[in-house]
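Novice: Got a structure here, written out as structure tokens. Questions coming.
The values are calculated or read from the model by the stated rules, or taken from the named source; none is laboratory data. Treat the numbers as computed from the prediction; the structure is a model and nothing was measured. Cβ placement follows ideal geometry from the backbone for every residue including glycine, while neighbour counts extend to all protein chains displayed.
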Amino acid sequence: MSIDWALIRLKATAEYLQLVEEIKPVQGFLLDLQGYTLMLLAEEGPGAGSIVEIGSFMGKSTCWLARGAKRAQREKVYAIDPFTGSPEHQSGGICEVSVIAEDGSTFPMFEQNIRALGVLEQVVPIVARSEDAARDWHGPIRLLFIDGDHSYEASKLDFDLWSPFVVPGGIIVFHDIGEWEGVTRFYNEHVITDPRYKQLLNLYSMCVVVKSAS
């Protein structure tokens, strides 16, 4: 290995560690390497169109996506979420979140986080359920991140509503595959078996697929 390639790899590692430290205070269920992958897809991913995430919680994935898009001066990130949490986040749920149990919404914390990370202007929050937001959506999407309600029915609904907007050659990312039964069953039955989609990466439960260009 040449010294130039060694320096490039060291620089990339240093950048990753710095970004992880900056985004670390944002509460969420996304692994650091998964977030960095989202950033790279937002920065360098194929196609033209918006970046849309279904399920934003407190903004961890939003910040990663927006950092990538901002660095490349590309499209804004549309963060779609009612900000009331999934069923497991409610009071008494298996992943109870105190701010939801106490205040009923994560939106104030979401807004605080994207402002603190310097991506406020790169993000367009849409405070709505996925199905309500989809009724008013018309433009192309180049990168779609599905990380909302993990039930089979909700995962299928999100995919059915939003995947038609993804451009040929565009990317769809699913979170918690293998971790939550509902979304895992949907992914195995309806995505990896569909010839229109090809899995590019499975990174610790985050699966990245590309939509066929044909």
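Novice: So which residues in the stretch 195-214 are more than 23 Å from L30 (Cβ to Cβ) and of a type in the set (S, T, Y), if there are any at all?
Specialist: S212, S214, listed by residue number.
Novice: Could you check, for the stretch 145-162, whether at least one of its residues is more than 14 Å from the chain's Cα centre (by Cα) and among the β-branched types (V, I, T)?
Specialist: no
Novice: Please return the ranges of strands (runs of 3 or more DSSP E) entirely within the stretch 123-174 where 1 or more residues are on the phi > 0 side of the Ramachandran plot.
Specialist: Correct list: 166-174.
Novice: In the stretch 144-170, what count of residues is obtained for those that are touching a helix residue (DSSP H, G or I) at 6+ places or on another chain (Cβ under 6 Å) and under 17 Å from L201 (Cβ atoms)?
Specialist: 2
Novice: If you don't mind, there's one more thing I want to ask. Look through the stretch 143-169, keep the residues that are farther than 14 Å from E53 by Cα and small (G, A, S), and return whichever of them is surrounded by the fewest Cβ atoms within 10 Å (Cβ to Cβ).
Specialist: G169
Novice: May I pose another question? Restricting the first residue to the stretch 71-86 and requiring it to be within 17 Å of T106 (Cβ to Cβ), which pairs with a second residue that is charged (D, E, K, R) and in a loop (DSSP other than H, G, I, E, B) meet a Cβ separation below 8 Å and a spacing of at least six or different chains?
Specialist: Note: pairs meeting the criteria are P82/R129; S86/D149.
Novice: While we're looking at this one, here's another question. Can you say whether R115 is closer than 20 Å to W64 by Cβ and not aromatic (F, W, Y), as far as the supplied structure shows?
Specialist: Considered against the rule, which asks whether it is closer than 20 Å to W64 by Cβ and not aromatic (F, W, Y), R115 comes out as yes.
Novice: Also: Which number in (1) at pLDDT 95 or above; (2) over 26 Å from Q73 (Cα atoms) marks the one condition that G104 misses?
Specialist: Exception for G104: condition (1).
Novice: Within the stretch 29-56, can you find the residues that are at positive phi and either aliphatic (A, V, I, L, M) or under 13 Å from the mean Cα position of the chain (by Cα) (or both)?
Specialist: G55, the sole residue that qualifies.
Novice: In this structure, is L30 part of a helix (DSSP H, G or I), in contact (Cβ under 8 Å) with a residue 12 or more places away in the chain and of a type outside the set (G, A, S)?
Specialist: No; evaluated as a whole, the condition is false for this residue.
Novice: I'm told Q199 meets every condition in (1) among the polar types (S, T, N, Q); (2) touching a strand residue (DSSP E or B) at 6+ places or on another chain (Cβ under 7 Å); (3) under 20 Å from T62 (Cα atoms) except one. Can you identify the failing condition by its number?
Specialist: Status for Q199: all satisfied but (3).
Novice: If I filter the stretch 50-57 for residues that are closer than 21 Å to G169 by Cα, modelled with pLDDT of 95 or more and in a loop (DSSP other than H, G, I, E, B), do I get at least one hit?
Specialist: Within the stretch 50-57, none of the residues are closer than 21 Å to G169 by Cα, modelled with pLDDT of 95 or more and in a loop (DSSP other than H, G, I, E, B).
Novice: Additional query: Test I177 against the criterion of being surrounded by 15 or more Cβ atoms within 10 Å (Cβ to Cβ), at negative phi and part of a strand (DSSP E or B), and give yes or no.
Specialist: No.
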